[in-house]
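See structure below.
The values are calculated or read from the model by the stated rules, or taken from the named source; none is laboratory data. All values derive from a computational prediction rather than experimental measurement. Backbone-built Cβ (ideal geometry, glycine too); neighbour counts: all protein chains shown. SASA here: full protein model, heavy atoms, side chains in, ligands and nucleic acids out. Shrake-Rupley method; radii C 1.70, N 1.55, O 1.52, S 1.80 Å.
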Amino acid sequence: MKKHNFNAGPSILPREVIEDTAKAVLDFEGQGLSILEISHRAKYFQPVVDEAVALFKELLNIPEGYSVIFLGGGASTQFCMVPYNLLEKKAAYLNTGVWAKKALKEAKGFGEAVEVASSADKNFNYIPKGWTIPADADYFHITTNNTIYGTEIREDFDSPVPLVADMSSDIFSRPVDVSKYAIIYGGAQKNLAPAGVTFIIIRNDVLGKVSRYIPTMLNYQTHIDNGSMFNTPPVLPIYTALLNLRYLKAQGGLAAMEKKNIAKAELLYNYLDNSKMFTATVPNKEDRSRMNICFVMRDAYKDKEEEFLKFATGKGMVGIKGHRLVGGFRASCYNALPIESVQALIDCMTEFEKANA
Ligand SMILES: *Cc1c(COP(=O)(O)O)cnc(C)c1O
């Protein structure tokens with residue numbers, strides 16, 4: 001049976017990217033060695049990092065004065081690295097859910113960290129509006145896509161202070177005006193590569209402004225100065241990221257990706273908005289994530305959720321169970337998910353609705 005992979009993360013990658021990774025595991029670019037057994041200092045691997053950085057810059061149209069680095073530790077390590085490197089007195093955070101809260105918690109260990117606004121009152125099912133960024137903050141932190149709650153900020157805010165964004169789950173899903181940001185970071189395992197590598201895009205001039213000692217490994221400058229080679233980088237995930245970046249470029253880049261992602265999201269939200277049985281959890285259309293589409297059964301059918309999950313699993317749907325903090329279902333529709341999978345899910349819901357409504 002064909003599987004439709006809606007996993008939230010680690011998640012679906014293009015089949016050819018996986019196949020080319022498998023080839024490199026057996027024989028890395030005709031060298032007679034596996035990519036698993038070469039030195040990261042080998043002359044073969046430096047070009048991988050260089051090309052990955054170049055493709056980041058090209059696809060995201062990153063201006064001069066920025067660096068791109070690849071580290072281990074996941075996005076969660078960035079929750080402390082950002083304040084370690086940037087917070088002298090005060091930082092500001094927009095609280096849009098679990099990941100934003102975790103980032104805010106870490107900042108509090110380094111100085112004053114204020115919550116500018118929060119959508120906690122409605123279980124984070126919207127993006128707060130009408131707040132102002134404190135002009136005396138060292139930086140302002142946002143989470144552009146809230147993977148768990150299915151909300152997304154697609155506006156590149158004008159910020160009076162350095163803007164820092166966790167883009168773990170929507171990077172490369174659409175064009176971004178990188179010039180508005182001081183730092184963009186994310187774990188690669190949602191929309192770029194397998195787990196194990198974290199990307200950081202950083203404007204060089206935001207560094208060097210805090211007075212504390214920063215441990216060498218947690219200092220961005222270390223990794224910028226050493227081109228992500230200060231210590232052993234996650235070799236295999238970086239290589240798969242490169243293959244995926246090449247694939248994205250061949251597909252027409254981020255404008256083309258965005259078009260596909262809009263089509264998939266519109267198809268599913270449209271169905272949900274017209275269904276008698278299912279409903280989207282995020283009411284405001286402009287706040288709805290294109291990457292993680294959360295939905296539940298309407299009150300009259302709530303007791304059917306488990307049955308639907310079984311039914312859909314039997315039809316090849318993978319990873320559609322919602323996060324426990326939201327319940328219901330979540331269809332993650334990352335770049336590599338074809339629109340046919342979204343249609344298959346809708347067919348599944350339609351059939352279940354007919355039989356049970
Ligand atoms: C998954 C996720 C994280 C955590 O990433 P790790 O790489 O597991 O640390 C952080 N932020 C967002 C928005 C995420 O989706």
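Around TRP99, with a cut-off of 13 angstrom between Cβ atoms, what is the net charge of the other residues, counting Lys and Arg +1 and Asp and Glu -1? Could you put the intermediate results ahead of the total?
Details: positive: LYS101, LYS102, LYS105, LYS190; negative: GLU106, GLU152, ASP166, ASP170.
Net charge around TRP99: 0.
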Residue-by-residue Karplus 3J(HN,Hα) for the range 102-113, coefficients 6.51, -1.76, 1.60, Hz, glycine and proline x: 5, 5, 4, 4, 5, 4, 4, x, 10, x, 7, 9
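Summing Lys, Arg as +1 and Asp, Glu as -1, what charge do residues with Cβ under 14 Å from the Cβ of ASN191 carry, ASN191 excluded? Kindly include the intermediate steps, with their values, before the conclusion.
Numbers: positive: ARG174, LYS190, LYS260, LYS264, ARG290; negative: GLU152, ASP166, ASP170, GLU258.
So the surrounding residues net to +1.
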Average accessible area per residue (Å²) across the range 154-208 - probe 1.4 Å, nucleic acids and ligands excluded: 26 Å²
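Could you compute the net charge surrounding VAL114? Neighbours are other residues with a C-beta less than 15 Å from the C-beta of VAL114; K and R count +1, D and E count -1. Display every interim value, and only then the final one.
On the way: positive: LYS89, LYS90, LYS101, LYS105, LYS108; negative: GLU88, GLU106, GLU112, GLU115, ASP136, ASP138.
Around VAL114, the charge tally is -1.
Once a ≥ b ≥ c are taken as the square roots of the eigenvalues of the Cα gyration tensor of the range 1-154, is the result rounded (a/c under 1.5), prolate (a/b larger than b/c) or oblate (a/b not larger than b/c)? Before the final figure, lay out the partial values.
Numbers: a/c = 2.61, a/b = 1.67, b/c = 1.56.
Prolate.
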Phi to ³J(HN,Hα) by Karplus 6.51 cos²θ - 1.76 cosθ + 1.60 over the range 66-83, Hz, x for Gly, Pro: 10, 10, 10, 10, 10, 10, x, x, x, 4, 4, 5, 5, 4, 9, 5, 4, x
Amide H contacts under 5 Å for VAL176, placed H, 5+ residues apart: none
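Relative contact order (percent) for the range 253-356, with alpha-carbon contacts under 8 angstrom and 6 or more residues of separation?
Working: 111 pairs, mean separation 30.8, N = 104.
Relative contact order comes out at 30 percent.
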Computed FRET value (nearest 0.05) for ALA120 with THR313, which takes r as the C-beta separation and R₀ as 45 Å: 0.90
With all protein chains modelled, accessible area of TRP99 [1.4 Å, Å²]: 70 Å²
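Within 10 Å, count the other beta carbons around each residue, average over each peptide in 312-318, 144-150, 239-245, and list them highest first. Provide the component values of the computation, followed by the final result.
Values: 312-318: 16.6, 144-150: 26.9, 239-245: 24.3.
Final packing ranking: 144-150, 239-245, 312-318.
If a/c stays under 1.5 just call it rounded; otherwise compare a/b with b/c (prolate if a/b is bigger, oblate if not). Do that for the range 198-245, with a ≥ b ≥ c from the square roots of the Cα gyration tensor eigenvalues. Write out the running numbers ahead of the final one.
On the way: a/c = 3.27, a/b = 1.93, b/c = 1.69.
Prolate, because a/c is 1.5 or more and a/b exceeds b/c.
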Cα gyration tensor, the chain - rounded (a/c under 1.5), prolate or oblate: oblate
Interchain or long-range residues, amide H under 5 Å from SER289's placed H: THR151, GLU152
Segments 167-174, 89-96 sorted - mean Cβ within 10 Å per residue, highest first: 167-174, 89-96
Most fluctuating residue given options LEU218, LEU192, LEU36, as computed from a GNM of the chain linking Cα atoms under 10 Å: LEU36
